[in-house]
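**Student:** Sharing a structure, written as C-alpha cells. Questions coming.
Any read-out appearing in this document is the output of simple, stated calculations on the displayed coordinates, not a laboratory observation. Everything numeric here is computed off the predicted structure, so don't read it as measured data. Reconstructed Cβ throughout: ideal geometry from the backbone, glycine too, with neighbour counts over all protein chains shown.
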Amino acid sequence: MAGGIPRQSLAAVIGLLVVLACCSARAGSLVSYSFDDDRLDTGPDTFRIFEHSRGKVRLSPEFRYSGYYAVEIRDAADDGGFPELQGYFPMQESGTLNVHFAFMTPEPLQPFNIALAGPEWFSMRPDGIGFWLKNKDGYFYHVSDSMPKRLAPIEPFTWYLVDLIYRVDAGTYDLVIREEYADQPLVDIKEAANTTRSRNSKVYVFSFIGDLPDEANAVIYVDDINIRSDTIDSAPELVAPGRRKLFVDYWRDLQKTARRTPQCVPTTGFSDFGISNDELEQADASGLLKHLEQVLQAPGRAITPGLIDDLPADPKLRAVARWRRGCYLLEQREAEQALDYFREAEAAVPEGKIYNLSSALAQAAMKEFSQADVRIAAAYGLWYGDERFAAAQAMIGLAREDHWSSETVLQEAIGLLPEQLAAGSGVEPWANSPDSELMHYLRQHYPDDWDRYLRARLLLEQYYFLLLWRDAYAEALEFAQRVATRLELKTGSAGVWYEFMGNAAFLLGDYEQALDNYELALGANKDILSRVHSVFLKLSDLSFIMGDAENERYYREQVYGSLAQ
C-alpha cells in the first residue's frame, strides 16, 4: 500500500448507474448529492460509477440517512475488481474545502476506503491523495503524514456523519466524525497533516471504494455528500445537514410512478415491512439478510412462486417476497392475483403497513371501492403526513373515474356530514382523520349507513388528491377551501383541511397563502404530534424556498433536532 491506492483499468466504466439529485448551485457549493431524483447538476463537476466483475454500486431504499435512497457499494472478494463511487469537482489549488457526508456499514470488519485526490490521482505523492479515511479490524483509521493512525471503533448499522475541513495551502485538515444522534463527536482531530504532509496539494476528485486487496466482501452506504469551497463566492452555512427532499419534490416524484392505474407505492425502509432494526441485525447474523436483499434487488418478474417457495421459511422474508410478487402483478393489471399475495403477506406480518395499503390499491384496481375504503380508514393513522399515502389516495381517486363526472356527487359528499356529529364525539375524527376511530363511531351510531358516510368522507380527500395528481392546483385549493368552510360551519374547525389548503397553495406557488394555512393547521392540530410534525416539515420547506434560513432550521429541528447536531 505504500505506493498508494492501486486501481484497476477504467475500461469497465459503465457510466451513471445511479440516479442523483444535485442541489441547486449555491454560491460556494461544489458538490451536493442526495441520491433521490433524476436530475444531474449542470455545473462543471461530473459523477461516475465504476463496477468491476461481481461488485455492485446501486441505489438503496433499505438503508439511507435521508430522503428515499443512499448509494450502496458492495464488493465481492477475489473477483478481480473494485466497485467505486467517484465524483469530480473544479480543481482546488488553494483555500479551504468543507466536506460533509453520511456513512454506514453493516459489516465493520470488512475494509473500505474514502479519499480526496488531485491530478496525481490516488498515489502517495503531492497532488495525489490529500485525505484518506479507511478501516482495519473494525476501527476507523486516517492516513496522516504517510502513517495510518487508529481513531475509533465502528459499530454496525450506525450512521456516521463525517465533516472534514481540508486546507489546501497549509496541507492540513480537521476531522470530526459523529454517530447519528450523539451529542459529542466520536472523533475530533485538529490540524492533522494531510496524507503526504504536502503543502498546496491540489484536489479535485473524491472516491468511495471497497476492499483494495480484493480479499473481502465489503459493503458500505453513502448519503448526503456536500463539498463547499471558500475560494468562490461565500456559501451560506449548511442548514440542517441531512435535510430531506422538499414536500413538492416528493409529490412530483410520486406522480411519475403511476399516472393511470393503481400500483404499489415505494418503500422507504424495512419498517414498512414490519421489520425492526433488531430483527435486521438478527437477520444479518443468521444469514437471512442476504436473501432479503436479493428479493428486494431482483426484477419483479424474477419473483416467481417457485422462488418464494425456495426461500428460507422465515415469515417476514417470505412476506416481502409475496409483496414484490403482488406489486409486479398489479403493474401487469392482474389485480386479483396481486391481492392474494398482499393478503398472504399481511396475514403473516400484520404490522407491515405496506401490505394493507397495497391491498387497498389492488381492490381499487378491481373497482371494489367499499373494501378499499375500509382498508384506507384502518391505515390512516399509520400513514398521516406521508406523501406516499396521499399518492395512494390519488390513485384510488383516479380509479373511481366515473364517480367524478358530476358536481352533484361532490356537493353531496361535502354536505353529507351526519347531523349527530355536530354535538357528538365523532366531530374530531370527521374533521381530521377518516380512520378506524371514525369507522367505529359510524358503525355504532349509523349501523345502516356507516359505509355511505365513510365513503363520503374518503371521497373528499381522494378527489382533492386527484386534483393535485392532475396538476390542477388552483382547483384543489378552491375545493379544499369549500370543504373547510363547510366543516367550520358545522364543527367549528376544518381540521386537516387547513394543511390540505396549504399543500395546494404551496404547489401552486402561492407561498404567502401556504404559510397562512399552515399556521392555521398548527393551531387546529396542536395536540396531535404526527400532524404537527407534518406541518413543521412543510413550513421548513417553505422557509427554505422563501430564503428564510433561520426558520428553515427552526422548523426542521422541531422534528429532527438531534440530527442537526
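**Student:** So what's the net charge close to residue 139: Lys and Arg +1, Asp and Glu -1, counting the other residues with Cβ under 12 Å from its Cβ?
**Tutor:** It works out to a net charge of +2.
**Student:** How high is the FRET efficiency from residue 471 to residue 313, r the C-beta distance, R0 51 Å, rounded to 0.05?
**Tutor:** Given R0 = 51 Å and the Cβ-Cβ separation, E is 0.65.
**Student:** Same structure, new question: For every other residue with a beta carbon closer than 14 angstrom to the beta carbon of residue 499, add +1 if it is Lys or Arg and -1 if Asp or Glu, then tell me the sum.
**Tutor:** So the surrounding residues net to -3.
**Student:** Could you calculate the FRET efficiency of residue 91 with residue 58 from 1/(1 + (r/R0)^6), where r is the beta carbon distance between them and R0 is 30 Å, rounded to 0.05?
**Tutor:** FRET efficiency, residue 91 to residue 58: 0.55.
**Student:** Per-residue counts of other Cβ atoms within 10 Å, averaged by peptide: what ranking do you get for 326-334, 96-104, 498-506, highest first?
**Tutor:** Ranked by mean Cβ neighbours within 10 Å, highest first: 498-506, 96-104, 326-334.
**Student:** Once you list every other residue whose beta carbon is under 13 Å from the beta carbon of residue 352, what net charge do they have if Lys and Arg are +1 and Asp and Glu are -1?
**Tutor:** +1
**Student:** Could you work out how far apart the two model spin labels at residue 197 and residue 281 are, taking each label as a point 7 Å from the Cα in the direction of the beta carbon, and quote it in nm?
**Tutor:** 4.1
**Student:** Can you tell me how much longer the chain between residue 511 and residue 181 gets when fully stretched, taken as 0.36 nm per residue apart minus their C-alpha distance, in nm with one decimal?
**Tutor:** Extra length available between residue 511 and residue 181 comes to 115.6 nm.
**Student:** At 7 Å along the Cα-to-beta-carbon direction for both residue 452 and residue 188, put a label point, then send me their distance in nm to one decimal.
**Tutor:** Reported label-point gap for residue 452 and residue 188 is 6.8 nm.
**Student:** Which three semi-axes in whole Å describe the equivalent ellipsoid of the range 293-395, each the square root of 5 times a Cα gyration tensor eigenvalue, listed largest first?
**Tutor:** 23, 15, 12
**Student:** Now for a different question. Given a cut-off of 31 Å, name the pairs among 136/538; 149/202; 136/353; 202/538; 136/190; 490/538 whose C-alpha atoms lie farther apart than that in the structure shown.
**Tutor:** 136/538; 136/353; 202/538
**Student:** Rounded to the nearest 0.05, what FRET efficiency do residue 294 and residue 230 give with R0 = 41 Å and r taken as the Cβ-Cβ distance? Could you check?
**Tutor:** The computed FRET efficiency comes out at 0.35.
**Student:** Just to check I understand the Karplus step: with θ = phi - 60° and J = 6.51 cos²θ - 1.76 cosθ + 1.60, what whole-Hz values come out for the range 458-469, glycine and proline as x?
**Tutor:** Whole-Hz 3J(HN,Hα) from phi for the range 458-469: 6, 4, 4, 5, 5, 5, 4, 5, 5, 4, 4, 4.
**Student:** Taking only C-alpha pairs under 8 Å that are 6+ residues apart, what is the relative contact order of the range 267-408 in percent?
**Tutor:** Relative contact order, the range 267-408: 20 percent.
**Student:** Could I ask something else about it? Suppose the chain between residue 445 and residue 545 were pulled fully straight at 0.36 nm per residue; how much longer would it get relative to their current alpha carbon spacing?
**Tutor:** Roughly 31.4 nm would be gained on extension.
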